[in-house]
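**Student:** Below you'll find the structure I mean.
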Amino acid sequence: MADRQTGGALHDEGCAWALKRANVIDFYSRLAEANPDPRTELEFENTYQLLVAVVLSAQSTDVGVNKATRALFAQVKNPAEMVALGKTKLINYIKTIGLYNTKAKNVIALSEILIRDYDGVPPNNQMALEALPGVGRKTANVVRNTAWGEETFAVDTHIFRVGNRTGLARGKTPLAVEKALDKATPDPFRRDAHHWLILHGRYVCRARTPECWRCLVVDLCAFNDKIFRFKSGKGV
Ligand code: SF4
């Protein structure tokens, strides 16, 4: 936390170099200017549906989850309706999503707990969310950031990659990158950093072919293997 406020360079063990404070601000400012109001691509109408959608999205794409949940969420708005629906009928809605059987079991179980312990309303509490079936640290971070605007840094595969490539937040594990992001990210970017970074990783800083030729932060990025030309549908 102190380093966020003193303006010093940001260092992680083992990195060749990391972004300096001024560059971090520049980095986020450019992403913010391009997308002033970043949102999750998951579709939902309330916090309960958001929680379910994030649980279903583990190791699945948001597009795939949305396809399944459009019909489901038209019928099911709260935990009581989910429990009434039951696991077998829930599976009929989500069977196109990977690990649907386990996810269905978890969604029913977490819905029962929400009814029993939280009057059917997901709690804005990291530990309480993580105690729900199918909800890990990343899922709880996503829900708290998206539903309540909490300054959490949920590190998925995209953010892990962007943080390490750019030098913004390096670490060998998602938790290390999360802590590095928390340390590196200044106000007023903390609330939306998660969405800017995930969208940047999903659409520009792609895993196999980062599209550096059109990247807004190319001059700030520490990645050594940038790709600068676009040819036949692929960068080279
Ligand atoms: S310059 Fe390339 S590697 Fe760096 S953030 Fe942009 S797309 Fe990713």
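**Student:** Setting aside same-chain residues fewer than 8 positions from K67, which aspartates and glutamates have a Cα under 18 Å from its Cα?
**Tutor:** E41, E43, E45
**Student:** How long are the semi-axes of the equivalent ellipsoid of region 95-210, defined as square roots of 5 times the Cα gyration tensor eigenvalues? Whole Å, largest first.
**Tutor:** The answer is 28, 18, 11 Å, longest axis first.
**Student:** Scaled to the compact-protein estimate 2.2 N^0.38 Å, what is the alpha-carbon radius of gyration of the chain, rounded to two decimal places?
**Tutor:** Output field value: 1.09.
**Student:** Might you report the magnitude of the Cβ-based charge dipole of region 47-148 about its Cα centre, with Lys and Arg at +1 and Asp and Glu at -1, to the nearest 20 debye?
**Tutor:** Around 320 debye, computed over region 47-148.
**Student:** Among R116, R170, R214, determine the one that fluctuates most according to a GNM of the chain built with springs between C-alpha atoms less than 10 Å apart.
**Tutor:** It is R116.
**Student:** Test of understanding: in a Gaussian network model of the chain with alpha carbons linked when under 10 Å, which of L99, L51, L110 would top the mean-square fluctuation ranking?
**Tutor:** Checking each option, the largest mean-square fluctuation is seen for L99.
**Student:** What size of dipole, in debye to the nearest 20, comes out for the chain about its Cα centre when the only charges are +1 on Lys and Arg C-beta atoms and -1 on Asp and Glu C-beta atoms?
**Tutor:** It works out to roughly 940 debye.
**Student:** How about region 41-96: which GluC sites (Glu not before Pro) there lie in a loop by DSSP and see at most 12 other Cβ atoms within 10 Å?
**Tutor:** Passing sites in region 41-96 are E45.
**Student:** For the chain, modelled as a GNM with alpha-carbon contacts under 10 angstrom, which of A169, A80, A58 fluctuates the most?
**Tutor:** Highest fluctuation among the options: A80.
**Student:** Are there GluC sites (Glu not before Pro) in region 101-166 that DSSP marks as loop and that have at most 13 other Cβ atoms within 10 Å, and which are they?
**Tutor:** When the GluC sites (Glu not before Pro) of region 101-166 are filtered for loop state and at most 13 Cβ neighbours within 10 Å, nothing remains.
**Student:** Longest span of the chain, sites excluded, free of chymotrypsin sites (Phe, Trp or Tyr not before Pro) in DSSP loop with at most 14 other C-beta atoms within 10 Å?
**Tutor:** That gives 18-227 as the longest site-free run.
**Student:** Where does the chain land at 222 nm, in deg cm²/dmol rounded to the nearest 500, when only DSSP H runs of n ≥ 4 count, each adding -39500 (n - 2.57), divided by all residues?
**Tutor:** Mean residue ellipticity at 222 nm (helix-derived): -16000 deg cm²/dmol.
**Student:** Go through region 218-223 residue by residue and turn each phi into a ³J(HN,Hα) via Karplus (6.51, -1.76, 1.60, θ = phi - 60°); whole Hz please, and just put x for glycine and proline.
**Tutor:** Listing the rounded values in order: 4, 6, 9, 7, 8, 4 Hz.
**Student:** For region 132-152 and region 24-88, what is the centre-to-centre distance using only Cα atoms, to the nearest Å?
**Tutor:** First find each Cα centre; the distance between them is then 11 Å.
**Student:** Would you be so kind as to identify which of L132, S57, T146 lies farthest towards the positive end of the dipole of region 47-148, taking Lys and Arg as +1 and Asp and Glu as -1 on Cβ and the Cα centre as origin?
**Tutor:** With unit charges placed on the Cβ atoms, the residue in question is S57.
**Student:** A further question on this structure: What number, in nm² with one decimal, is the all-direction average of the projected area of the convex hull of the alpha-carbon atoms of region 47-148?
**Tutor:** The directionally averaged projection comes out at 5.5 nm².
**Student:** If one takes the longest principal axis of the Cα atoms in the chain, at what angle in degrees, from 0 to 90 and to the nearest 10, does the Cα axis of helix 157-166 lie?
**Tutor:** That works out to roughly 10 degrees.
Only the coordinates and a few stated rules stand behind these numbers; no lab work does. On a predicted model such as this, the values are computed, not experimentally measured, just so you know. Quick reminder, even Gly has a Cβ in these numbers, built from the backbone with ideal geometry, and neighbours come from all protein chains shown.
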